[in-house]
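These notes concern the structure reproduced below.
The values are calculated or read from the model by the stated rules, or taken from the named source; none is laboratory data. Since this is a predicted model, take the numbers as computed values, not measurements. Glycine gets a Cβ as well: all are built from the backbone with ideal geometry, and neighbour counts include every protein chain shown. The accessibility values were calculated without ligands, DNA or RNA, using every heavy atom of the protein model including side chains. Shrake-Rupley method; radii C 1.70, N 1.55, O 1.52, S 1.80 Å.
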Amino acid sequence: MQAQTLYEKLWSSHVVHVEDDGTALIYIDRHLVHEVTSPQAFEGLKLAGRKPWRVDSIVATADHNTPTDHWEKGILDPVSRQQVETLDSNIREVGALAYFPFKNERQGIVHVIGPENGATLPGMTVVCGDSHTSTHGAFACLAHGIGTSEVEHVMATQCLLQKKSRTMLIQVDGELGAGVTAKDIVLAIIGRIGTAGGTGYAIEFAGSAIRSLSMEGRMTICNMAIEAGARAGLVAVDDKTVDYLKGRPFSPTGEAWERAVDYWRTLHSDEGAQFDAVVELDAAKILPQVTWGTSPEMVAAIDGIVPDPALESDPVKREGMERALQYMGLKARTPIAEIPVDKVFIGSCTNSRIEDLRAAAEVAKGRRKADNVKLVLVVPGSGLVKRQAEAEGLDKVFLAAGFEWREPGCSMCLAMNADRLEPGERCASTSNRNFEGRQGAGGRTHLVSPAMAAAAAVTGHFADVRTLA
Amino acid sequence: MKPFQKLDGLVAPMDRANVDTDAIIPKQFLKSIKRSGFGPNLFDEWRYMDVGQPGQDNSGRPLNPEFVLNQPRYKGAEILLTRDNFGCGSSREHAPWALEDFGFRVLIGPSFADIFFNNCFKNGLLPIKLAADEVDALFAQCHGSEGYRLAVDLQARTITRPDGKVLAFDVDPFRRECLLNGWDDIGLTLRHADKIRDFEAKRRIAQPWLFA
């Protein structure tokens, strides 16, 4: 048989029907649902008198609108509250394999709770009305974000209409330097290929540097595949994948576990499989990264400077850079390490897992938030992550450093709840998007790793975490 | 879904790359549980001088005179010219809902983000990819002539410029059929319900742990 890529294996094992032009119906195993992109889908289903095809494929949670403090007061914003209550009542009516509502001890960001509950398993197709569904590809799932019409389509038919993607291999070999993390790898990748570099592709991340990452690190990488334009990111199954999933609530057990693992071990690209594009990076050359602009591709290493638009020959790009510098309140050629920050956000579906919090705590330990930093928010990705962090004493480290330790949710990644930047405020953020207004109208976002965010918090400006030891 | 066949419409230029869905419709408006009414908040942060809130009366808000869609010459535009990677970022379908509600039916650019591109077709909005030099020429003509219009024919897959030049474009045949007829995807898919059930039954035997 011809050597296949991991993507081709996942694709061909889910095709139900193919139209003449190649548009395929692919079967969906797991449907993750949150409150923002589902109400119109539930309503559409109801108006058409349709029932969900397979309720036990649905795992739901409320994460975008939920507050991260004073849970005893409930959700104060009535519009946010209505959206969360609409999900409550939709799930009550329709059902689900699992629902982790606001205040539930296992509630959290949808892309954190899927894997930690074993609701994301290798070989699955996973969809969610959320672009960061690419996260789940770290488990060799074909996982991608969909729109609300497609949410309704999957609910009604258990299938999605899709065209097969092209395949891209991003090979990262070599050893990562101390203080350099998965976040730095993926920012470096986006800096290299651009935010549209992966458009139309499913990206498989491979190489010794990817293999060396924990599952948390691999999730960080796949999470931001969409920031490179790719709807899906993938990492092959290995021992780490299997070890991570063993004993999770929805992971198979007994004989089914053995059978599952045997199958999962086949989920890798075959020797000699052909990709439509290949990109190679040397891990040893990647330094801690900081974005300077309003697109994730506008990124520099910590020892770098804000680039000068005058040196850009493409007029559309040059105008984009000029506009970004104006919005960000930055001058060309400013050293990255001289940029001060007002707030720090450690959280989001990119970087709110236990390993991320450990990395931030390691930097924060024995240090204090700098005086010019108004707020350092630490928002765990889920109730389970929060409890684990507290069991390890990480909350004490953060509180002693003057950071705030909050309840789980999406929080200031997109500022749909009360956590947000004020106009002009500058933030070191472990999230995934530095778009204009993303963290609050007029807010200025710089994307960094958790360790780099903590380093900015304690020094008051971007700082090379490697020199803080 | 509203069908789309032909349109002769006024063109507005959105002359910047990487326009993301946060810019198209900011997050505070995603709290709505409805599909309609997003038009007044399309490009809210660029369009108004203040910060908009959901449920607000937008008629008295201060407009940003610099913003392209606030210029009188583009009032009533139904075709938006875009640059690379338009619609990048979040999967929010509120972005095409807002564009459609505002009055756009066609987007023309060199490239679109995948999820956004897909979402457009579900909402009677036609995104057209053209070569970069063809898009450059349309921007130049649009900037240079007030009341600039284009004629878009989905059946023929052509765009006709005022100077008579005809540009051909590609569109997936399946998507084109759906859009021409205003077909509902779900209804089409359910014609294959037996195939889905068969597939599912086999899967249940091969990988029972997926159906726990």
Handout entry: Relative contact order %, the range B:41-127, counting alpha carbon pairs below 8 Å whose residues are six or more apart
Key = 26
Handout entry: Accessible area expressed per residue, the range A:349-469, with surrounding protein chains retained (probe 1.4 Å, Å²)
Key = 31
Exercise for the section: Apply 1/(1 + (r/R0)^6) to the Cβ-Cβ distance of A:R368 and A:D308, taking R0 = 45 Å, and write down the FRET efficiency to the nearest 0.05. Expected result: 0.80
Problem - Nearest 10 degrees, 0 to 90: helix B:193-206 Cα axis against chain B principal axis - result: 60
Problem - Accessible area (Å², 1.4 Å probe, nearest 10) - A:V110 - result: 0
Fill in the blank from the handout: Along the dipole axis of the range A:1-145 (charges at Cβ: +1 for Lys and Arg, -1 for Asp and Glu; origin at the Cα centre), the most positive-end residue among A:A138, A:Y99, A:H31 is A:Y99
Handout entry: the protein assembly as shown, accessible surface, carbon-and-sulfur percent (1.4 angstrom probe)
Key = 50
Fill in the blank from the handout: Expressed as a whole-number percentage, the relative contact order of the range A:289-467 with C-alpha contacts under 8 angstrom and at least six residues apart is 28
Practice task
Before rounding to the nearest 500, sum -39500 (n - 2.57) across all DSSP H runs of length at least 4 in chain A and divide by the residue total; then give [θ] at 222 nm in deg cm²/dmol.
Solution key: -9000 deg cm²/dmol
Fill in the blank from the handout: In degrees rounded to 10, the 0-90 angle between helix B:132-144 Cα long axis and the longest Cα principal axis of chain B is 40
Handout entry: Accessible area of A:R106 in the full protein assembly, 1.4 Å probe (Å², nearest 10)
Key = 60
Handout entry: Net dipole in debye of the range B:9-148 [+1 Lys, Arg Cβ; -1 Asp, Glu Cβ; about Cα centre; nearest 20]
Key = 460
Practice task
Please name the residues of the range B:74-92 whose accessible area, counted over protein heavy atoms with a 1.4 angstrom probe, falls by no less than 10 Å² between the chain alone and the full protein assembly.
Solution key: B:R83, B:N85, B:C88, B:G89, B:S90, B:S91, B:R92
Practice task
Only counting protein heavy atoms at a 1.4 Å probe, give the residues of the range B:156-177, ordered by number, whose accessible area falls by 20 Å² or more when the other protein chains are present relative to the chain alone.
Solution key: B:D172, B:P173, B:F174
Handout entry: Point-charge dipole on Cβ atoms (K/R +1, D/E -1) for the range A:183-290, about Cα centre, debye to 20
Key = 340
Exercise for the section: Tell me the trypsin sites (Lys or Arg not before Pro) within the range A:296-356 that lie in a loop according to DSSP and have at most 11 other beta-carbon atoms within 10 Å. Expected result: A:K331, A:R333
Practice task
Please report the relative contact order for chain A, taking Cα pairs under 8 Å with a sequence separation of at least 6, and give it as a percent rounded to a whole number.
Solution key: 17
Exercise for the section: In nm, give the distance between the simple-model label positions of B:R204 and A:V261, each being 7 Å from the Cα along the Cα-to-Cβ direction. Expected result: 2.8
Handout entry: Volume per residue of the C-alpha convex hull in the protein assembly as shown, rounded to whole Å³
Key = 149
Practice task
Could you tell me which of B:A12, B:A193, B:N119 has its Cα farthest along the dipole of chain B towards the positive end, charges placed at Cβ (Lys, Arg +1; Asp, Glu -1), taken about the Cα centre?
Solution key: B:A193
Handout entry: Accessible surface buried once A binds B (1.4 Å probe; total of both sides; Å²)
Key = 5700
Practice task
Heads up, I need the accessible area for B:M49: 1.4 angstrom probe, whole protein in place, Å², nearest 10.
Solution key: 130
Practice task
Go ahead and estimate [θ] at 222 nm for chain B from helices alone: -39,500 (n - 2.57) per DSSP H run with n ≥ 4, summed, over the residue count, rounded to 500.
Solution key: -8500 deg cm²/dmol
Practice task
Pick out, in residue order, every one of the GluC sites (Glu not before Pro) in the range A:152-238 that is DSSP loop and has at most 12 other C-beta atoms within 10 Å; say none if there are none.
Solution key: A:E175
Exercise for the section: Scan chain B and hand back the longest stretch that contains none of the GluC sites (Glu not before Pro) lying in DSSP loops with at most 14 other Cβ atoms within 10 Å. Expected result: B:67-145
Completion exercise
Among A:Q4, A:T68, A:G194, the residue whose Cα sits farthest towards the positive end of the charge dipole of chain A, when +1 is placed on the Cβ of each Lys and Arg and -1 on the Cβ of each Asp and Glu, is A:T68
Exercise for the section: Quote the charge dipole size of chain A about the Cα centre in Debye, to the nearest 20; the model charges only the Cβ of Lys and Arg (+1) and of Asp and Glu (-1). Expected result: 700
Practice task
Mind scanning A:K246/A:K365; A:K285/A:K317; A:K163/B:K129; B:K6/B:K165; A:K51/A:K164 and naming the pairs with a C-alpha gap bigger than 20 Å?
Solution key: A:K246/A:K365; A:K285/A:K317; A:K51/A:K164
